[in-house]
Amino acid sequence: MRFHVSFTLNPIVTPLGGTDIAIPRSASRVATSAAVAGAVYAAGESKDEVALKPARTPASQDVERRVSTLLSKMTTEEKLQQVQLLSDGQVTDADAKNGVGGVFSLVNPQRINELQHIAVEQSRLGIPILFAYDTIHGYRTIFPIPLGTAASFDPDVAETDHRIGARESAAVGLKQIYSPMVDVSHEPRWGRISEAAGEDPYLNSVMAAARVKAAQGRNYAAKDKVVTSVKHYAAYGQPEAGRDYNTTDMSEQRLRNLYLPPFKAAVDAGADTAMCSFNAINGVPGCANKRLETDILKREWHWDGFIESDYTAVAELLNHGTAASPADAGAQALNAGTDSEMVSTFIRDNGKQLLASRKISMKRLDDAVRRILRVKFRAGLFDHPYVDPAKAEAAQELPDARAAARKAAGRAMVLLENDGKVLPLDPSKKTAVIGPLADNGKDQIGPWWGRGDDSKKVTLIEGIRAQSPGATYAEGCKLPGNEPPQYDESEDCPSTDFTEAKAVAAAADQVVLAVGESRAHSGEAASRSVLDLPGNQEKLIEAIKSTGKPFVVVLFNGRPLTLDGVKGVAPSILEAWFPGVEAGNAVADVVFGKVNPGGKLPVSFPRRVGQVPIYYNHEPTGRPCDVTQKYNSRHRDIKSCDPEYVFGYGLSYSQFEVSNLRLSRTSVGPGGSLRASVDVKNVSGPKGDEVVQLYLHDPVASISQPVRRLRGFERVTLDPGQSRTVTFTIERSDFGFYDNSGRFVVEPGVIDLYAGNSSKATLKKSFNVTGR
Ligand code: BGC
C-alpha cells in the first residue's frame, strides 16, 4: 500500500548550474530447482544445456503475429503512451483514452474496470492496460516477510505465498506483481533486506523460482494468475553504508557470482517482466545501464520480456548526474533497455523530439512497445480484459489462505536459543504476554503489507489466549513506528518504568515477551545505523528476567539484529520475523509445541554493527581471522571471528545428527556430475524438522573463491528416532565461477564439500575436477 503523492517533476537549475529534481516522498509503501553462479538450472540439467536453451518458452507465433499487426497500426503518440506507467494517484480517464500502457497501485476493482473499459472501448486501438501491484508477501492474506520465508528453507512456503497472492491480486483485476524481490544483500542496515531471501545467491534463486512459478502457473493468462516482475535489477542490495538508494561499486565477478543468479533463476522460471533499480552500479544507474539491461538480461539471457523503471528512477537520472535534461534522461533510459517508465513521463513527453533529433530510434521504441504488447497478449488481456468486481471480495482471505499463512509463519520461525529448554511452554499454565509487539496487528505484517491492513490480523495475545485461555497482557512500552521524517528514535520504547509489565509477569507462571521493530523500521527508505532493539526494549527484557519467571523473547523484525544484550539475558529467543496476518496463532503454535521450529537463518546476525558486512560466503584473506593473534583480519575489540548467529543456524525442540557424508565418485570430468549423500537422524525429542545443507569450496582457483557457498539444502521431517538419507546431485558446472572478464570458468583441481545443519557444517569430503 502506498501513500500517493501527485507531482510534476520540474527540473530545478541549481545556483551552480547543475540540475536537481524534486523527488516525491512516499510516506508509506505499501520459487526444487537449483541455481548457482550466473546459470540457473533444474536439478540434473547442466549449465551448458541451459546456455543453449532460450531462457523461456519461445513466444508463440500467434502472439508475435498479433503484436506485429497491432504495432504496425500504432502512431508514434500511441507508442509513447504504451511505454508509460502511471500510479493510481496520477492516472486519469484521459490517460486511459490515450492508451496508457500500465497503471500500478490501483486496487479498486470497479475503478480498474472503468479504466479498462475506457482503454478497450474508447482508445483508438483498444489496447488494454496492464494493472500492477506490489504483492510482495501477500495481497490481503499477508504471509511472513520474504526474509522470513527464506528462513523456512522450504520453497513450498514461497510457492504457496505467491500462489495465493496471485489469486487474491488477480481477483481485483491486477495482472502483474512487482515481485519477487531477489536482491542478495550483506547489508542488515538496509531496510529492504526484509524483502528478499538474505545473503545467499542460491537460496535467493530457489525462492525466486518458486515464487515466479507459483504466481504465473503454466500460463499467466489464467484467471487466478499474474505475470511477475523480478526486481531490482541489479545489485540494489549492496548500497554503500546500507543507505537506501545509495551507490554501489561492484566487481564483475561479484556481480555475476553473487547478485545476478537469482535474476537468472527468476527469468528461467518464466518471469516476463523486470524492474530496473534506483542505484548506480559502477557509476551507471540501473535504469540507464545498457550492459545490464540489454547486453546481459535481454541478449545474453535471450529474454523477451519488458523492463519497467522503478518509481521515478528515470527522473532520478538527473540527480545521479548522468542526464542533463528530462529528454536526455528519457533517451538514456530507453536506449539502455528500459521499456516502460514508472511515474515520471520523460520518454512520453519528449519522445517525438528525441526521435526527430535521432537521440532515440523508432526501432528501439518499437522494441519496447513490442515487449509490452507481448506480455499483454500472454497475459490474455486482449481476450479477457475485464475483472468481475462482484467476485473480487469472494477470493480474499479464503480459509485455505489463512491456514497456509499460519503454516508458513510457523515454518519461517528460527529458534535461536533455548537454554534449560524453557520452550515449549505448557499452555495449561498461566501465561503472560508482554511487549510492544504483543497486541499489535499493524506491525506484525511488516513492510509491504499490501492490503493486509484490511485483514483480520490475529495478534500475539489473541493467538496465545486461543491456546492458553486467560493469558494476561501488558504492553511494557510503545513502539510508535512513525514514518520519517516525523520519526524520532527517542519515541521508541521511551520509558523504563516497567512496573505494570513486571507485575503482570510476576502474577503469571511463564512469559511470552514480544519485542522487535515496528514495520516502519524495515522496508524501503528504512535504513538504520544501529541494529539493536529500538529504545529501551533490552531493559524491558531485563525487567522481565528480574521477576524470575521462565520466559521466551519473541522477535518481530525485518533484518538481522545485534542481540548481544538479549542473548545471555533471555533463556529462549524465537526469531519470528514479521509473521503476517496469522502471527499470533503461528507463534502460539511454536511456543506451545504444536509446531516444532525448524527454520534457519538466511542471513548472518552480527555481534556489532561494526562487523557489517559480515557474511558466510566471504572470500578468504591472506591473513585469516584468528583471535589469538594480532596481525590478521579481525576486529581488535571483538573476541570472535564470527557473527553472533551464522547463516543456516537454527535450533529445534529435537536433536538431530547429520553424518556419513559420501560421494558417488572421486573425480568429475567434462559433462560429469556427482552425488553427495548424507544421513540425518532425529536422535532425541519429538517429531521435527532439520535442514540438511551442502556447501562447496574451491580452495585453489584463479581468483579467490568464497570460503563456502551453499549448493543444496533439504528440509526433512523426522519422527523420533527416524533417519533418512538425503542425496544432492551436483553438476560439474556447479564448481565453476565467473571471472572478472565475465567469463564462466570451471577450473580443474580439488573441490571440498561440507555437509551439516548450518554454514559451520563440519562433515567434509573432497574430489577432483578434471579437464576443461
Ligand atoms: C520500490 C519498488 C516498488 C515500486 C512501486 C518503489 O519505490 O522501490 O520496489 O515496486 O516503488 O510501488
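Matching residues to (1) under 30 Å from ALA394 (Cα atoms); (2) surrounded by fewer than 24 Cβ atoms within 10 Å (Cβ to Cβ); (3) at pLDDT 95 or above:
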| position | (1), (2), (3) |
| --- | --- |
| SER205 | no, no, yes |
| ALA209 | yes, no, yes |
| GLN216 | yes, no, yes |
| GLY242 | no, no, yes |
| GLN253 | no, yes, yes |
| PRO261 | no, no, yes |
| ALA265 | no, no, yes |
| CYS276 | no, no, yes |
| LYS290 | no, yes, yes |
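Scanning region 185-232 for residues that are polar (S, T, N, Q), in contact with a Ser or Thr (Cβ under 7 Å, 6 or more places away or on another chain) and within 15 Å of the ligand (Cβ to nearest atom), we see that the one that is nearest to ALA274 (Cα to Cα) is SER229. Of the residues making up region 519-569, those that are closer than 19 Å to SER604 by Cβ, hydrophobic (A, V, I, L, M, F, W, C) and out of contact with any Ser or Thr (no Cβ under 7 Å at 6 or more places or on another chain) number 6. Take the conditions (1) more than 16 Å from the ligand (Cβ to nearest atom); (2) under 28 Å from ASN204 (Cα atoms); LEU147 misses just one of them, which is (1).
Contact map, region 128-141: first residue within 23 Å of ILE193 (Cβ to Cβ) and modelled with pLDDT of 95 or more, second residue in a strand (DSSP E or B) and of a type in the set (D, E, K, R), Cβ cut-off under 7 Å, separation 6 or more or different chains; the map is empty.
The residue list ASP400, ASP443 contains one member that is at pLDDT 95 or above, surrounded by fewer than 24 Cβ atoms within 10 Å (Cβ to Cβ) and either of a type in the set (Asp, Glu) or touching a helix residue (DSSP H, G or I) at 6+ places or on another chain (Cβ under 7 Å) (or both), which is ASP400. A single member of LEU555, LEU540, LEU533 is in contact with a Leu (Cβ under 8 Å, 6 or more places away or on another chain), part of a loop (DSSP other than H, G, I, E, B) and either more than 19 Å from ALA438 (Cβ to Cβ) or of a type outside the set (D, E, K, R) (or both), and it is LEU533. Assess whether ILE136 counts as being of a type in the set (Val, Ile, Thr) and within 16 Å of the ligand (Cβ to nearest atom). When the stated conditions are applied, ILE136 passes them. With respect to (1) more than 27 Å from THR459 (Cα to Cα); (2) surrounded by fewer than 24 Cβ atoms within 10 Å (Cβ to Cβ); (3) not small (Gly, Ala, Ser), the lone exception for ASP156 is condition (1). Being among the hydrophobic types (A, V, I, L, M, F, W, C) and more than 16 Å from the ligand (Cβ to nearest atom) is the filter; apply it to region 289-316 and report the residue that is nearest to LYS213 (Cα to Cα). By that ranking, first place goes to TRP303.
The listed residues are TYR653, TYR645, TYR649, and the only one of them that is of a type in the set (Phe, Trp, Tyr), within 21 Å of LYS764 (Cβ to Cβ) and under 33 Å from the mean Cα position of the chain (by Cα) turns out to be TYR649.
Against the test of being out of contact with any Gly (no Cβ under 6 Å at 6 or more places or on another chain), surrounded by 24 or more Cβ atoms within 10 Å (Cβ to Cβ) and of a type outside the set (Ser, Thr, Tyr), the options PRO550, PRO606, PRO624 yield a single qualifying residue, PRO606. Remark: pairs (first residue in region 95-110, within 10 Å of GLN81 (Cβ to Cβ); second residue part of a strand (DSSP E or B) and of a type outside the set (S, T, N, Q); Cβ separation under 7 Å; 6+ apart in sequence or on different chains) = ASP95/LEU86; VAL100/LEU86; GLY101/LEU85; GLY101/LEU130. ALA208 falls short on exactly one of the conditions (1) assigned to a helix (DSSP H, G or I); (2) in contact with a strand residue (DSSP E or B) (Cβ under 8 Å, 6 or more places away or on another chain); (3) within 26 Å of ILE129 (Cβ to Cβ), and that condition is (3). Within region 329-355, restricting attention to residues that are touching a helix residue (DSSP H, G or I) at 6+ places or on another chain (Cβ under 7 Å) and of a type in the set (S, T, N, Q), the residue that is farthest from the ligand (Cβ to nearest atom) is GLN353. You will find that of ASP439, ASP400, the residue that is within 30 Å of GLY593 (Cα to Cα) and not in a loop (DSSP other than H, G, I, E, B) is ASP400 and no other.
Against the definition (within 16 Å of the ligand (Cβ to nearest atom), more than 14 Å from the chain's Cα centre (by Cα) and of a type in the set (A, V, I, L, M, F, W, C)), how does VAL182 come out, yes or no? Criteria not met by VAL182. Residues of region 118-133 that are within 15 Å of the ligand (Cβ to nearest atom) and either among the basic types (Lys, Arg) or farther than 22 Å from SER87 by Cβ (or both): none at all.
Whenever a residue of region 258-284 is under 16 Å from ASP244 (Cα atoms) and among the aliphatic types (A, V, I, L, M), its partners that are surrounded by fewer than 24 Cβ atoms within 10 Å (Cβ to Cβ) and at pLDDT 95 or above, lying with C-beta atoms within less than 6 angstrom and at least six residues away or across chains, give the pairs ALA280/THR247; ALA280/HIS320; ILE281/THR248; ILE281/MET250.
The values are calculated or read from the model by the stated rules, or taken from the named source; none is laboratory data. Keep in mind that what you see is a predicted model, and the values were worked out from it rather than measured. Positions of Cβ are backbone-derived with ideal geometry, glycine not excepted, and every protein chain shown enters the neighbour counts.
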